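The values are calculated or read from the model by the stated rules, or taken from the named source; none is laboratory data. Fair warning: this is a prediction, and the values are worked out from it, not measured in the lab. Cβ sites come from the backbone with ideal geometry, for glycine too, and all protein chains shown count toward neighbours. Note: areas computed on protein heavy atoms with side chains; ligands, DNA, RNA excluded. Shrake-Rupley method; radii C 1.70, N 1.55, O 1.52, S 1.80 Å.
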Amino acid sequence: MPIHSSLLKKPRLVKKLRSFYKYVNENDGQVGTKTRGIDLNLNNACNLRCKYCFTNSPKGERVKDRLPLDVLARVADEADELGYFEFDLQGGELLLRPDILFESLEAIKPERFYLYLTTNGFHLDEKMAKKLADAHVSRVSVSIDSMDEATHDRIRGRKESWRKAIEALKHVQEAGMDPYLNITVGHYNAFDPAFEELLKYSKDQKYKTLINVAVPAGMWSMMSEIMLDDKDREHLYNLRKEYKNLIRNIWNPFDKTHEKSIGCTTVNRLYITPIGDVLACPYVHIKIGNVIEQSLREIVEYGFSIKHFNEHSPICLAGENKEFVKKYLSNSGQSIFKPALAKDIFPEADFIDKSNLKIHY
Amino acid sequence: MKQNEENYKNCFSEAFEIEIEKISSDLEYNAIPEWDSIGHMTLISALEEKFDISFETDDIIDFSSYKKGIEILQKYSINFS
């Protein structure tokens, strides 16, 4: 019998997933303005000190803040009504405070979503994995930087972090949730044999591999040289053909040819910070609203009224579009807690009139 | 019809990208890594395309095994006997 976290136990999720799938198919394979997911930074405190953290957690930014539970419950209800089907809980490190995590899960009601955690795996043992599966968590993503223990531990700033991450993924798989091995890829490592070594390991273990492209944000702010270039992108394209378990949020997960991009998912996948600010995505540090002060619908409408987030982009704006990064994401001090305001950085001409706005919920 | 069963099996093989020989009638959801949530929706879409049908949400949820899928498809007038 499928476990609680299984898709087959989540009828509301199936309905929303199907609606998303049909929309994308009928829209030439593009995500358009269809709602997809919520990325929630539940709390920014972390036990590791990763070199490329995009939330500035190693600098101790806002590590005590979190959304009030009543706000979180309302946001989840609104997200469900608007057709959002994915809910990615991240941090910081979620498993530092399991009490916060489980009361938040209760408020979100994960039985309505493909809900997953993105974690460094340090505190994810067998018992915790079972508890998460029982709480309707569908997937757990664990980030790994290298198959070389010392390299991973150096990047993460803590010994034992590699071993714990590797073990965590095994516990996730054994508990019946979807195990995802997350890899950050940029110009600095796209052709590194160590990257392909990780891909092979993930495939052999029957995990899914999620590629996050390196972005010049947070600890790597202003470092545009880390961004993928055309050659790197072509290399990823070829790897995608070879490793069928490879996933990027920008790629069409249902594409049997393993070639198509649904497009950059700004606003389709919103990012909410622990103080309620809503950014266009985890890596585009441009504020489009605040869930404590506004309804999610109002924020989504405003976000999609900005042409850069409304129009199709086959590449990731924050990780691959150097022009966009230079123009809108390179302000000194810009971060998830000090985002640029959309109304300040985009001219009036970049906004679509509400009467011409079509959003697909 | 034998052809329908062959088409049915091919859909599993295409959706999960595994050899047709590995598709047994005992196959169940989550029993192999390929039949996860993404695999399930890919399978549903492959079957809809092949048999020109549109599944009800309840049927997508009930589709928990190879055998159960045959039962469900019969509701859509796809004959396997």
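Report the charge-dipole magnitude of the protein assembly as shown in Debye, nearest 20, computed about the Cα centre from +1 at each Lys and Arg Cβ and -1 at each Asp and Glu Cβ. Mind showing how you got there, number by number?
Working: 60 positive and 69 negative charges, 160 e Å.
Using only the charged Cβ atoms, the result is roughly 760 debye.
Applied to the stretch A:43-59, the Karplus parametrisation 6.51 cos²θ - 1.76 cosθ + 1.60 on θ = phi - 60° returns per-residue 3J(HN,Hα) values of 6, 8, 6, 8, 8, 10, 10, 5, 4, 10, 3, 8, 9, 6, 4, x, 8 Hz, with x for Gly and Pro. What the phi angles of the stretch A:82-97 give under the Karplus curve with 6.51, -1.76 and 1.60, with θ = phi - 60°, is a coupling list of 7, x, 5, 10, 9, 9, 9, 8, 9, x, x, 10, 5, 7, 5, 10 Hz, glycine and proline written as x. Spatial offset of the stretch A:196-229 relative to the stretch A:236-250 amounts to 12 Å, using the alpha carbon center of each. Near A:TYR237: Cβ cut-off under 14 Å, other residues only, Lys/Arg at +1 and Asp/Glu at -1. The net charge is -1.
Sorted largest first by accessible area at a 1.4 angstrom probe radius, with every protein chain in place, the residues A:LYS109, B:LYS2 fall in the order B:LYS2, A:LYS109. Taking amide H as placed 1.01 Å from N in the peptide plane, the amide H of A:ASP88 sits under 5 Å from that of A:ILE38, A:ASP39, A:LEU40, A:TYR116, each at least 5 places away or on another chain. Rounded to whole numbers, the Karplus 3J(HN,Hα) couplings from phi for the stretch B:8-21 are 4, 5, 4, 4, 4, 4, 5, 5, 9, 6, 10, 4, 4, 5 Hz, using 6.51 cos²θ - 1.76 cosθ + 1.60 with θ = phi - 60°, and x at Gly and Pro.
What's the FRET efficiency of A:LYS109 with B:LYS2 using the Cβ-Cβ distance as r and R₀ = 45 Å, to the nearest 0.05? Spell out each step's value before the answer.
Working: r = 46 Å, r/R0 = 1.01.
Here the calculated transfer efficiency is 0.50.
In this Cβ point-charge picture (+1 for Lys and Arg, -1 for Asp and Glu), the stretch A:270-361 has a dipole of about 140 debye about its Cα centre. When the helices of chain A are scored as -39500 (n - 2.57) per DSSP H run of n ≥ 4 and the total is divided over every residue, the value at 222 nm lands at -10000 deg cm²/dmol. DSSP beta bridges fully contained in chain A are about 15 percent antiparallel.
Out of A:ASP277, A:ASP344, A:ASP80, any idea which swings most in a Gaussian network model of chain A, alpha carbons joined below 10 Å? Among A:ASP277, A:ASP344, A:ASP80, the largest mean-square fluctuation in the Gaussian network model of chain A belongs to A:ASP344. Short-range pairs are left out: with C-alpha atoms under 8 Å and at least six residues apart, the relative contact order of the stretch A:45-187 is 24 percent.
Quick check: at a probe of 1.4 Å, how many percent of the accessible area of the stretch B:2-75 sits on carbon and sulfur atoms?
Numbers: 1400 of 3550 Å².
Ligands and nucleic acids excluded, carbon and sulfur give 39 percent.
What does the convex hull of the Cα atoms come to per residue for the stretch B:2-75, in Å³?
Numbers: hull volume 6.1 nm³, N = 74.
Dividing the Cα hull volume of the stretch B:2-75 by its residues yields 82 Å³.
Counting only DSSP beta bridges with both residues in the stretch A:14-154, the antiparallel share comes to about 0 percent. Computed on protein heavy atoms with a 1.4 Å probe, the accessible areas place B:SER54, B:SER77, A:SER221 in the order B:SER77, B:SER54, A:SER221, largest first. The stretch B:1-37 and the stretch A:122-147 have Cα centres lying 28 Å from one another. If only the Cβ of Lys and Arg carry +1 and only the Cβ of Asp and Glu carry -1, the dipole of the stretch B:2-75 around its Cα centre is close to 180 debye. A probe of 1.4 angstrom, applied to the heavy atoms of all protein chains, finds A:ARG240 with accessible area near 10 square angstrom.
Taking a ≥ b ≥ c as the square roots of the Cα gyration tensor eigenvalues, with a/c under 1.5 meaning rounded and otherwise prolate when a/b beats b/c, else oblate, which class fits chain A? Provide the component values of the computation, followed by the final result.
Details: a/c = 1.26, a/b = 1.14, b/c = 1.10.
Cα axes put chain A in the rounded bin.
Under a 5 Å amide H cut-off, with hydrogens placed 1.01 Å from N, A:ASN252 pairs with A:LYS260, A:SER261, A:ILE262 among residues at least 5 apart or on other chains. Peptide B:34-40 has a mean of 6 when you count, residue by residue, the C-beta atoms of other protein chains within 10 Å of its C-beta.
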